[in-house]
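Reading through the structure tokens given below for one structure.
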Amino acid sequence: MSGHVDEAVLNERPTGVIDGLSSKAMIFGGIGAIVTAFGFFTARDTFFQSYLIGYMFWMYITLGSLGLLMIQYLSGGAWGLVTRRV
């Protein structure tokens, strides 16, 4: 095995797979919106507590990913190319 990285293969976008996932994501998003509205109207105190926990969870994942991306750019390493396609 050589250490050569073929960037053309890494930059390919699997458009067929992405198109199939977008319709499924819309269905799950709609179901999630209905369940969220139901929770808002039935138990408001619990809804706001749960919303805050969920918001903090996803915000921490986003900020952690941003931190890893900044470290990758600052170090100039090629190890970030593996996650680029995902």
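The values are calculated or read from the model by the stated rules, or taken from the named source; none is laboratory data. This is a predicted model, so every value here is computed, not measured. Side chains included, ligands, DNA and RNA excluded: accessible areas come from the protein's heavy atoms. Shrake-Rupley method; radii C 1.70, N 1.55, O 1.52, S 1.80 Å.
Which of these values of semi-axes √(5λ) of the Cα gyration tensor in Å was calculated from the structure shown: (1) 24, 15, 10; (2) 37, 21, 6; (3) 21, 14, 11?
Correct label, based on the coordinates given: (2).
Round to a whole number: what % of the accessible area of the chain belongs to carbon and sulfur, probe 1.4 Å?
Exposed carbon and sulfur together represent 71 percent of the surface.
Calculate how steeply helix 44-75 sits against the longest principal axis of the alpha-carbon atoms of the chain, using the helix alpha-carbon long axis, and give the answer as 0 to 90 degrees to the nearest 10.
Approximately 10 degrees, to the nearest ten.
What accessible area, in Å² to the nearest ten, does a 1.4 Å probe give for MET70?
Approximately 110 Å² for this residue.
For a test of the definition: using alpha carbon positions, the gyration tensor, and the 1.5 limit on a/c, classify region 20-66 as rounded, prolate or oblate. Mind showing how you got there, number by number?
On the way: a/c = 5.58, a/b = 1.09, b/c = 5.13.
It is oblate, given that a/c is not under 1.5 and a/b is not larger than b/c.
For LEU52, what accessible area in Å² do you get when you roll a 1.4 Å probe over the heavy atoms of the protein chains, rounding to the nearest 10?
Ignoring ligands and nucleic acids, LEU52 comes out at about 100 Å².
How long is the gain from THR15 to SER50 if the chain were fully straight, where each residue apart is worth 0.36 nm and the alpha carbon distance is subtracted?
9.1 nm
Would you kindly find the accessible area of ILE53, with a 1.4 Å probe and non-protein molecules such as ligands, DNA and RNA excluded, rounding to the nearest 10 Å²?
The accessible area comes out at roughly 110 Å².
Accessible area per residue of the chain at 1.4 Å probe, in Å²?
90 Å²
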